[in-house]
Every structure is written in structure tokens, then in C-alpha cells.
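Undergrad: What follows is a structure written as C-alpha cells; I'll ask about it next.
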Amino acid sequence: MNDDRISASFYDTKQYGRTETAVIQTVDQCISQDILKDYFIRKRTEVIGLMLALFDSQEVQNMYEESIKEEGREEGRKEGREEGREEGRKEGREEGREEGRFRALWSMIKKHRITPAEAAEEAGMTVEEFEKKTSLLMSEKETAYQDQI
């Protein structure tokens, strides 16, 4: 007998999914098409039971695999959140250091210890860029101060 014909019979029942109806119709179809007819007539109940057990086993396997995938996704989310928080802290520290450096340079300008050109050179930028950066920092400081009032 040709096993491909049996496989084709099972695949033809996709509309019913992995149900008892699908198995029964497949066994009946095999019998009517003379595919292992004698065997299916003698072992009908066994074959149906075995196929349903295989379907249940596959469903359990699929559920297990999905739960493993979900655990992996949750683990990935957790790691991502932790990495994001650490990256945020790192960026915050870097921004704080940069802001502190600009404030120190600005303070030295106000005390006439260095010129704006020297401060800009120390910061690695033009005088215009330095003045723009310090004016932004000062306006943020004023906004934060007024928010506290």
C-alpha cells in the first residue's frame, strides 16, 4: 500500500483540525479508498484512539513549547528593562558631569578667572557654541527653580 495516500487523507481533514471527527473521517476515507481497508476495519477503534492520543501529545508539546517561549520573552523583557535602567543611569551621570563642567567654566568666567574664549577652548567648542550651551543650562536651571516655587 502507498503511505502517501494515507498522509494525503490526513491533510485533507485540516478543516476539522486535530479532532475526533477528523480522525474518524480519515479512517472512513481510507476504508472507502481501499487504503489498508482490512486493517482499518479490524483496528478501527485502536487507530482512532492512537491518533487522538498522538494529537493530544502534540498539543501538550505545543503548549509546553509556547510556555518556554513565553518564559524566554519575559526573561528578555526583564533583561531589557535592567539594561535600559543601567543605560539611563549612565547617561544621567554623563549629562550631570558635563553640566557640572559647563557650570564650573561659567562660574570661572563670571569671576573673571578665564575668558569666554578660554572656556570655549577648554570645552572643545567655539565661543558661540559655548555661550549657547551655557545659556541653555542657565535657562533650564531657572525653569527648575521656578517649578519649585
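Undergrad: Under the Karplus relation 6.51 cos²θ - 1.76 cosθ + 1.60, θ = phi - 60°, what is the ordered set of whole-Hz ³J(HN,Hα) values for region 129-139, x standing for Gly and Pro?
TA: 5, 5, 5, 5, 4, 5, 5, 5, 4, 5, 5
Undergrad: Rounded to the nearest 0.05, what FRET efficiency is calculated for Glu86 and Met138 with R0 set to 25 Å and r the Cβ-Cβ distance? Write out the running numbers ahead of the final one.
TA: Numbers: r = 30 Å, r/R0 = 1.21.
Efficiency for this residue pair is about 0.25.
Undergrad: Which ³J(HN,Hα) values, rounded to whole Hz and listed in residue order, are derived for region 76-85 from phi using the Karplus coefficients 6.51, -1.76 and 1.60 in 6.51 cos²θ - 1.76 cosθ + 1.60 with θ = phi - 60°, glycine and proline given as x?
TA: After applying 6.51 cos²θ - 1.76 cosθ + 1.60, I find x, 4, 4, 4, x, 5, 4, 5, x, 4 Hz.
Undergrad: Largest first and to the nearest Å, give the Cα extent of region 16-63 along each principal axis.
TA: For region 16-63, the Cα extents along the three principal axes come out at 36, 19, 13 Å.
Undergrad: Let me ask something additional. Would you please state which residues of region 28-69 a label at Glu79 would reach in this model, taking the label point 7 Å out along Cα→Cβ and a backbone N cut-off of under 19 Å?
TA: Counting backbone N atoms under 19 Å from the label point, the list is 66-69.
Undergrad: Using a probe of 1.4 angstrom, how much of the accessible area of region 27-133 is carbon and sulfur, in percent?
TA: Roughly 51 percent, rounded to a whole number.
Undergrad: Okay, next question. Want the number for Asn62 to Lys43: 0.36 nm per residue separation, take away the alpha-carbon distance, what's left?
TA: Working: separation 19, 0.36 × 19 = 6.84 nm, distance 2.82 nm.
Working it through step by step, the gained length comes to 4.0 nm.
Undergrad: What does the convex hull of the alpha-carbon atoms of region 24-149 project to on average, in nm²?
TA: 17.1
Undergrad: Once both labels are modelled 7 Å past Cα along the beta-carbon direction, what's the Glu131-Ile31 spacing in nm?
TA: 9.7
Undergrad: Okay, next question. Peptides 114-121, 132-139: what's the order by average Cβ count within 10 Å, highest mean first? Can you show the working numbers first?
TA: Numbers: 114-121: 15.8, 132-139: 13.9.
Highest to lowest by the protection proxy: 114-121, 132-139.
Undergrad: Hey, another quick one. Provide, in order from the shortest bin, the percent of all Cα-Cα pairs of region 47-90 in each 5 Å bin, continuing until the bin that contains the maximum pair distance.
TA: Once binned at 5 Å, the Cα pair distances of region 47-90 give 6, 20, 12, 14, 9, 9, 9, 6, 7, 4, 3, 2, 1.
The values are calculated or read from the model by the stated rules, or taken from the named source; none is laboratory data. Everything numeric in this text was worked out from a predicted model, so none of it was measured. Here Cβ is always computed from backbone atoms with ideal geometry, including for glycine, and neighbour counts include all displayed protein chains. Quick note on the areas: whole protein, heavy atoms, side chains included, nothing else; ligands and nucleic acids left out. Shrake-Rupley method; radii C 1.70, N 1.55, O 1.52, S 1.80 Å.
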